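The values are calculated or read from the model by the stated rules, or taken from the named source; none is laboratory data. Since the structure is predicted, the reported quantities are computational estimates derived from the model, not experimental observations. Cβ placement follows ideal geometry from the backbone for every residue including glycine, while neighbour counts extend to all protein chains displayed. To get the accessible areas, we keep the full protein, side chains included, count just its heavy atoms, and leave off ligands, DNA and RNA. Shrake-Rupley method; radii C 1.70, N 1.55, O 1.52, S 1.80 Å.
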Amino acid sequence: MTARRLVVAAAQLGPVQPEDGRERTVGRLIALLREAHRRGATFVVFPELALTTFFPRRFIEDERELDAFYESSVPGPDTRELFEAAAALGVAFYLGFAERVEEAGHVRRFNTSILVDERGAVVGRYRKVHLPGHADHEPWRPFQHLEKRYFDHGNLGFPVFDALGGTVGMCLCNDRRWPETFRVLGLRGAELVALGYNTPRHYPLAPEHDRLQDFHNHLCMQAGAYANGCWVVASAKAGIEDGCELIGGSCVIAPTGEIVAQAQGLGDEVVLADVDLERCREIRDNIFDFATHRRPGDYGPLSD
Ligand code: CDT
């Protein structure tokens with residue numbers, strides 16, 4: 001078994017306030033990228049909606065105000081410097097952002113992540129499938145969660161990509177809570193799943209779960225890694241953002257389900273780990289050897 005090693009980094013971001021411009025935020029991403037590179041990383045994972053504040057917490061009626069949170073091209077004028085810095089260093093990365101595109105004459109809005117190779121080329125795209133929250137203004141909440149209003153259901157499924165010397169999948173935040181996300185990526189051979197998230201500490205529909213947010217965050221990702229024998233690199237936006245507390249806990253999880261590196265704080269922080277993609281076989285050739293042990297014929301309700 002020949003090792004396929006790389007050093008990966010979850011680049012956790014502290015809060016991005018509504019008044020922070022793209023220039024300042026992209027500058028923070030580049031600083032994290034440079035630090036990750038200095039410490040040996042060749043792949044860096046940034047959070048979901050990493051270029052802006054998590055704007056679905058606000059009810060925004062003015063379309064122009066809303067549009068300001070979306071990118072119509074990435075790389076574009078605001079992100080080119082990040083791409084150039086990464087390509088100059090030979091670092092691949094995952095980036096989450098709000099995407100506004102015209103498809104078949106219609107404006108579509110997606111919560112998107114891209115995979116960028118070490119030469120700065122976009123080699124993968126994912127559009128969030130599990131959009132949590134609600135579509136209408138609910139003033140009783142202390143803050144909104146309007147992903148169902150501001151984003152269309154992702155229309156790319158859960159693709160995997162040849163990258164980093166292996167097979168890479170992506171998802172975004174709420175997707176990680178669904179075993180189906182990891183299973184589809186696992187069935188497609190994902191050896192590493194990159195994901196970014198913005199998770200409020202307070203969940204207005206079940207506030208008794210506030211104390212469990214960090215536990216549930218790691219529980220679902222550790223289970224996804226183990227049951228599918230893949231690495232998970234997960235990057236949070238953390239801290240008090242626009243008056244709302246976001247959990248941190250950015251981490252790297254091994255195919256055994258063990259957390260091998262974890263953020264210590266709630267600010268900008270690089271979380272590094274050595275990854276050997278060959279270690280996926282510890283799980284995939286054994287307890288979760290899909291070809292030998294899986295029984296799809298008995299799993300009808302999963303696809304009905
Ligand atoms: N961004 C995102 O998907 N956040 C959700 C918040 C909980 S549901 C309102 C999450 O699953 O972490």
Legend entry - Table column - 3J(HN,Hα) (Hz), the range 87-104, Karplus curve with 6.51, -1.76, 1.60, x for Gly and Pro: 5, 5, 8, x, 10, 8, 8, 10, 9, x, 7, 8, 10, 10, 9, 9, 10, 6
Inset, instruction - May I ask you to compute the full-extension gain from residue 240 to residue 137, defined as 0.36 nm times their residue separation minus their alpha-carbon distance, rounded to one decimal in nm? - result: 34.9 nm
Inset, instruction - Taking amide H positions as placed in the peptide plane 1.01 Å from N, state which residues far from residue 151 in sequence (5 or more) or on other chains have amide H under 5 Å from it. - result: none
Inset, instruction - Provide the gained length on full extension for the span residue 108 to residue 294, in nm with one decimal, where the gain is 0.36 nm per separating residue minus the Cα-Cα distance. - result: 63.2 nm
Legend entry - Helix-derived mean residue ellipticity, 222 nm - over the chain, DSSP H n ≥ 4, -39500 (n - 2.57), to 500: -6500 deg cm²/dmol
Inset, instruction - For the range 1-45 and the range 164-213, compute the distance between their C-alpha centroids and round to whole Å. - result: 19 Å
Legend entry - For residue 131, distant residues with modelled amide H under 5 Å away: none
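Return one whole number: the accessible area per residue of the chain in Å², for a 1.4 Å probe. Each step should come with its number before you reach the end.
Working: 13270 Å² over 304 residues.
The answer is 44 Å² per residue.
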Inset, instruction - Could I have the simple spin-label model distance between residue 205 and residue 282, label points 7 Å from Cα toward Cβ, reported in nm to one decimal? - result: 3.6 nm
Legend entry - Distance between modelled label sites at residue 258 and residue 274, nm, 7 Å Cα→Cβ extension: 1.3 nm
Legend entry - DSSP bridge orientation in the range 144-276 - percent antiparallel, rounded to nearest 5: 55 percent
Legend entry - residue 67 accessible area, assembled protein chains, probe 1.4 Å, Å²: 40 Å²
Inset, instruction - Convert each backbone phi in the range 58-64 into a coupling constant with the Karplus relation 6.51 cos²θ - 1.76 cosθ + 1.60 (shift: θ = phi - 60°), then list the ³J(HN,Hα) values in order as whole Hz, x for Gly and Pro. - result: 10, 7, 10, 8, 6, 4, 5
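Add +1 for every Lys or Arg and -1 for every Asp or Glu among the other residues with Cβ under 12 Å from the Cβ of residue 112, and state the total. Let's see the in-between values first.
Numbers: positive: 100, 108, 109, 125, 127, 128; negative: 48, 71, 99, 152.
With Lys, Arg at +1 and Asp, Glu at -1, the neighbours total +2.
How big is the Rg/Rh ratio for the chain, C-alpha atoms only, Rh by Kirkwood, two decimals?
On the way: Rg = 18.5 Å, Rh = 19.4 Å.
So for the chain, dividing Rg by the Kirkwood Rh gives 0.95.
Under the rule a/c < 1.5 gives rounded, and otherwise a/b versus b/c splits prolate from oblate, where does the range 122-166 land using the Cα gyration tensor?
On the way: a/c = 4.48, a/b = 3.09, b/c = 1.45.
Prolate, because a/c is 1.5 or more and a/b exceeds b/c.
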Inset, instruction - Can you figure out the FRET efficiency of residue 2 with residue 67, using R₀ = 35 Å and their beta-carbon distance, to the nearest 0.05? - result: 0.10
Inset, instruction - Mind listing the long-range amide H neighbours of residue 163? Cut-off is under 5 Å, sequence gap 5 or more, other chains count too, H placed in the peptide plane at 1.01 Å from N. - result: 168
Inset, instruction - Can you send over the carbon and sulfur percentage of the accessible area for the range 123-185, probe radius 1.4 Å, protein chains only? - result: 55 percent
